[in-house]
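Below is one structure, written out as structure tokens, with a few remarks after it.
The values are calculated or read from the model by the stated rules, or taken from the named source; none is laboratory data. Everything quoted here is computed from the prediction, not taken from an experiment. Note: ideal-geometry Cβ built from the backbone for every residue, glycine included; neighbour counts use all protein chains shown.
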Amino acid sequence: MSLIENLNWRHATKAYDPERKVSEENVNKILEAARLAPTSSGLQQFRIIVVENKEVREKLVPGALNPECMMEASCVLVFAAWDEYTPERIDAIYDRTTEERDLPKGRFDSYTDKIKEMYAKQPKEEHFMHAARQSYIGLGMALAQAAELKIDTTPAEGFDNKLVDKVLELEQKGLKSVCLLYVGYSDKERDWLSTMKKVRNPMDVFTIRM
């Protein structure tokens, strides 16, 4: 199937079959799609926490808008972004880049010095907002890959970020939660949206040509 056909197939799943698990191989494919997503300056300023443990999920349930999905999906992917840009974080990815491309260390110093100076003038909250936007690119890639594999998903912002950050100890990792992605297989009897027609604005409304 083409990408467009896959996107027409997918929907925001409302109920999951708790007995059906997504294979580790396919979870890794979804993660890999997100890992390969483009990000600003190539910094990969977000991480994904894979939550499969039942006890951990139970701690997250009180802050979830859709607690059934939290418990019944095969796994929950938590997209979490850097809480700030630091010279050390910027240098780490560019040091890796020069090493893997067999380039002299410091090859990109003129560029990294420029973005370090730019971020140094911004408040930390602005850093996080920018990094969070990058995580949504990864989310989109993950959704598309899951659709290709015919794996059901539900992207979610309806959750208590502070609770997620506390339970997963994200502050200690220099991260803050942005969004969730429930991953699994639909329970067709309870997933009321699965039989409904996908509705989007028509192209002539959605696009503005100039």
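If we keep just the residues of segment 113-156 that are assigned to a helix (DSSP H, G or I), out of contact with any Lys or Arg (no Cβ under 9 Å at 6 or more places or on another chain) and aliphatic (A, V, I, L, M), which is nearest to Ser23 (Cα to Cα)? Checking each candidate, the answer is Ala142. Is it the case that Lys114 is loosely packed, with under 13 Cβ neighbours inside 10 Å and more than 18 Å from Ala37 (Cα to Cα)? So Lys114 passes the test.
Scanning segment 93-111 for residues that are under 25 Å from the mean Cα position of the chain (by Cα), free of Cβ contacts under 8 Å to residues at least 12 places away in the same chain and surrounded by 13 or more Cβ atoms within 10 Å (Cβ to Cβ) yields a single hit, Asp95.
The set of residues in segment 165-198 being over 25 Å from Glu88 (Cβ atoms), under 24 Å from the mean Cα position of the chain (by Cα) and in a loop (DSSP other than H, G, I, E, B) consists of Tyr185, Asp187, Asp191, Lys198.
For (1) surrounded by 15 or more Cβ atoms within 10 Å (Cβ to Cβ); (2) among the aromatic types (Phe, Trp, Tyr); (3) in contact (Cβ under 8 Å) with a residue 12 or more places away in the chain, each residue gets a yes or a no:
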| position | (1), (2), (3) |
| --- | --- |
| Ala144 | yes, no, yes |
| Lys150 | no, no, yes |
| Lys176 | yes, no, yes |
| Pro202 | no, no, no |
| Phe206 | no, yes, no |
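Here is a yes/no grid of residues against (1) touching a Phe, Trp or Tyr at 6+ places or on another chain (Cβ under 7 Å); (2) at pLDDT below 95; (3) surrounded by 12 or more Cβ atoms within 10 Å (Cβ to Cβ); (4) of a type in the set (Val, Ile, Thr):
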position	(1), (2), (3), (4)
Lys29	no, no, yes, no
Ala34	no, no, yes, no
Gln44	no, no, yes, no
Ile49	no, no, yes, yes
Val56	no, no, yes, yes
Leu60	no, no, yes, no
Glu68	no, no, yes, no
Ala73	yes, no, yes, no
Leu77	no, no, yes, no
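Here is the figure for segment 1-21: residues that are assigned to a loop (DSSP other than H, G, I, E, B) and more than 26 Å from Met71 (Cα to Cα) total 2.
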